[in-house]
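Colleague: I'd like to ask some things about the structure below.
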Amino acid sequence: MSLKPKYYIIIAVISIFFVACSKMDSTYIDFTKKGSITYVGSADSVKVHSGKNRMKLSWKIIDPTATKAVIYWNNKSDSLSVPITISNESDLVDVWLTDMAEGSYSFDIYLFDKNNNKSIIVNAIGQVYGNNYIESLLSRPVKRAIYEKDTVQITWGTADVTVIGTEVKYTDRQNVKHVLNIPVDSITTKLAQFNFTQNETFEYRTLYVPDSLSIDTFYTVAKTIKATGPPVEYNRSTWTNGTEDYDIPTGRTPKNTLDGNNSTVWHMDKTHGYPHTASFDMGAINYVTGLFYVQRTPLDGAAKLVEIQISTDNVTWESLGGFTMENSGTKQYLEFFEPRNFRYFKMIFKSDYKNGLFTAIAEIGAYKR
């Protein structure tokens, strides 16, 4: 009985399969007859820590047979071989690279065992910082530094995103030197018992960390700042005021805020609510760093929020923004963000501490530092 053609085809395919397998085994045996290839476990979780003319490479050892690491950089023109010693307490390896030129680096890391078998390459990239980086750093800006009542209050500007703080040095009235570390989120800093009569200055520098893995802190060149002295009030005897808003039945106009008498007040118009406006003409363009005021006493719904507008010609007006007044019966100073030159000014009152519709003010004036 003869086989059908389809069975001839199946037998032929099976024969070809066994012949092919035989050839593959022969090839594999020829390839491995000199011995199998042994790889050492490579460096794991490699981190590159930046620094000033130095850096640190760190990684985990996952293969306890590793006895040596070889690190290449600068297209393998530079290299370092370091022994690996693993303790029972840690499987971390730290390698320090010193006297490094400023710039970016790409590292190739191999691990070797005692038989000189090596791992698969691991690449890591990092940065070394130096004088070029330091010279590019900007000190955190000081908006103002005002001396008053034995204290200098510093108002800080916005810091760079890599700033971590500011260091301030000054000498107090007892000739004691102070070094303050100011957090980056601080907006104001007070230098208590400041020795203004002997030395009007303080010194500061800004601290930078270029990235989260940096091993070094960088400092700007120290800057010396002269504190601004006590306020010098302008004479108000020739000033005039507007009469657009006051309590008509009692006749308490804004003129009462110019007489130097805290017992007389400007009372706002009782016929309507906020805003209430008092306007003043100083008679000449003055260099002004802020306005002062005295609340009516005893305190009863003291003025709270006020907008200040200024002008040189009584036609074009510029708003300096809103200011919050203190709920205090003593003389207070509203410092501008920066000094301004003007002749006319308006104080537009928008609220009080009693949430009422109006209030009263005893004194208003201007000053320079």
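Colleague: Looking only at segment 105-123, which residues are assigned to a strand (DSSP E or B) and surrounded by 14 or more Cβ atoms within 10 Å (Cβ to Cβ)?
Modeller: Filtering segment 105-123 down to residues assigned to a strand (DSSP E or B) leaves 105-113, 118-119, 122-123.
Of everything in segment 105-123, those that are assigned to a strand (DSSP E or B) and surrounded by 14 or more Cβ atoms within 10 Å (Cβ to Cβ) turn out to be Y105, F107, D108, I109, Y110, L111, F112, D113, K118, S119, V122.
Colleague: Check whether at least one residue in segment 314-324 is of a type in the set (D, E, K, R) and within 21 Å of K143 (Cα to Cα), and report yes or no. Before the answer, list the steps.
Modeller: Initial filter on segment 314-324 (of a type in the set (D, E, K, R)): 318.
Narrowing further to those that are within 21 Å of K143 (Cα to Cα): 318.
Yes; the residues of segment 314-324 include at least one that is of a type in the set (D, E, K, R) and within 21 Å of K143 (Cα to Cα).
Colleague: Counting only residues that are β-branched (V, I, T) and touching a residue at least 24 places away in the same chain (Cβ under 8 Å), which one in segment 222-234 is nearest to Y133 (Cα to Cα)? Outline the logic, then answer.
Modeller: Step one: of segment 222-234, the residues β-branched (V, I, T) are 224-225, 228, 232.
Subset that is touching a residue at least 24 places away in the same chain (Cβ under 8 Å): 225, 228, 232.
Numbers: I225: 24, T228: 32, V232: 43 Å.
Ranking the candidates gives I225 first.
Colleague: For segment 230-243, how many residues are in contact with an Asp or Glu (Cβ under 7 Å, 6 or more places away or on another chain) and either closer than 17 Å to K368 by Cβ or not assigned by TED's automatic domain parsing to the domain that holds M347 (or both)?
Modeller: So the first thing to find is which residues in segment 230-243 are in contact with an Asp or Glu (Cβ under 7 Å, 6 or more places away or on another chain), and the list is 230, 239-240.
Narrowing the set further to residues that are either closer than 17 Å to K368 by Cβ or not assigned by TED's automatic domain parsing to the domain that holds M347 (or both) leaves 230, 239.
Looking only at that region, the number is 2.
Colleague: Looking at T171, is it farther than 22 Å from Q127 by Cα, under 13 Å from the mean Cα position of the chain (by Cα) and β-branched (V, I, T)? Even if it seems obvious, please write down each step before you answer.
Modeller: Working: farther than 22 Å from Q127 by Cα: yes; under 13 Å from the mean Cα position of the chain (by Cα): no; β-branched (V, I, T): yes.
It is false that T171 is farther than 22 Å from Q127 by Cα, under 13 Å from the mean Cα position of the chain (by Cα) and β-branched (V, I, T).
Colleague: Would segment 255-262 turn up any residue that is in contact (Cβ under 8 Å) with a residue 24 or more places away in the chain and either farther than 17 Å from G365 by Cα or of a type in the set (F, W, Y) (or both)?
Modeller: No, segment 255-262 contains no residue that is in contact (Cβ under 8 Å) with a residue 24 or more places away in the chain and either farther than 17 Å from G365 by Cα or of a type in the set (F, W, Y) (or both).
Colleague: I'd like the residue in segment 73-100 that is crowded, with 17+ Cβ neighbours inside 10 Å and not β-branched (V, I, T) and, out of all such residues, is farthest from A43 (Cα to Cα).
Modeller: Checking each candidate, the answer is M100.
Colleague: Something else: Working carefully through the options F345, F292, F337, find the one that is part of a strand (DSSP E or B), assigned by TED's automatic domain parsing to the domain that holds D259 and modelled with pLDDT under 95. I'd like the intermediate steps shown before the answer.
Modeller: Values: F345 fails: modelled with pLDDT under 95; F292 fails: modelled with pLDDT under 95.
Sole residue among the options that is part of a strand (DSSP E or B), assigned by TED's automatic domain parsing to the domain that holds D259 and modelled with pLDDT under 95: F337.
Colleague: Output yes when any residue across segment 71-80 is assigned by TED's automatic domain parsing to the domain that holds S119, touching a strand residue (DSSP E or B) at 6+ places or on another chain (Cβ under 6 Å) and closer than 24 Å to Y208 by Cα, and no when none is. Steps first, answer last, please.
Modeller: Within segment 71-80, the subset assigned by TED's automatic domain parsing to the domain that holds S119 is 71-80.
Checking which are touching a strand residue (DSSP E or B) at 6+ places or on another chain (Cβ under 6 Å) leaves us with 71-73, 79-80.
Going one step further and asking which of them are closer than 24 Å to Y208 by Cα, we end up with none.
Within segment 71-80, not a single residue is assigned by TED's automatic domain parsing to the domain that holds S119, touching a strand residue (DSSP E or B) at 6+ places or on another chain (Cβ under 6 Å) and closer than 24 Å to Y208 by Cα.
Colleague: If G365 meets every condition in (1) modelled with pLDDT under 95; (2) assigned to a strand (DSSP E or B) apart from one, which number is that one?
Modeller: All conditions pass for G365, except number (1).
Colleague: Given the structure, is M268 more than 19 Å from L320 (Cβ to Cβ) and at pLDDT 95 or above?
Modeller: On the way: more than 19 Å from L320 (Cβ to Cβ): yes; at pLDDT 95 or above: yes.
Against the criterion (more than 19 Å from L320 (Cβ to Cβ) and at pLDDT 95 or above), M268 qualifies.
Colleague: Within the group L305, L357, which residue is surrounded by fewer than 18 Cβ atoms within 10 Å (Cβ to Cβ) and in contact with a Ser or Thr (Cβ under 7 Å, 6 or more places away or on another chain)?
Modeller: On the way: L357 fails: in contact with a Ser or Thr (Cβ under 7 Å, 6 or more places away or on another chain).
That would be L305, the only listed residue that is surrounded by fewer than 18 Cβ atoms within 10 Å (Cβ to Cβ) and in contact with a Ser or Thr (Cβ under 7 Å, 6 or more places away or on another chain).
Colleague: Another one. Within the group N241, N235, which residue is out of contact with any Lys or Arg (no Cβ under 8 Å at 6 or more places or on another chain) and polar (S, T, N, Q)?
Modeller: Working: N241 fails: out of contact with any Lys or Arg (no Cβ under 8 Å at 6 or more places or on another chain).
Only one candidate passes the filter, namely N235.
The values are calculated or read from the model by the stated rules, or taken from the named source; none is laboratory data. Everything numeric here is computed off the predicted structure, so don't read it as measured data. Glycine gets a Cβ as well: all are built from the backbone with ideal geometry, and neighbour counts include every protein chain shown.
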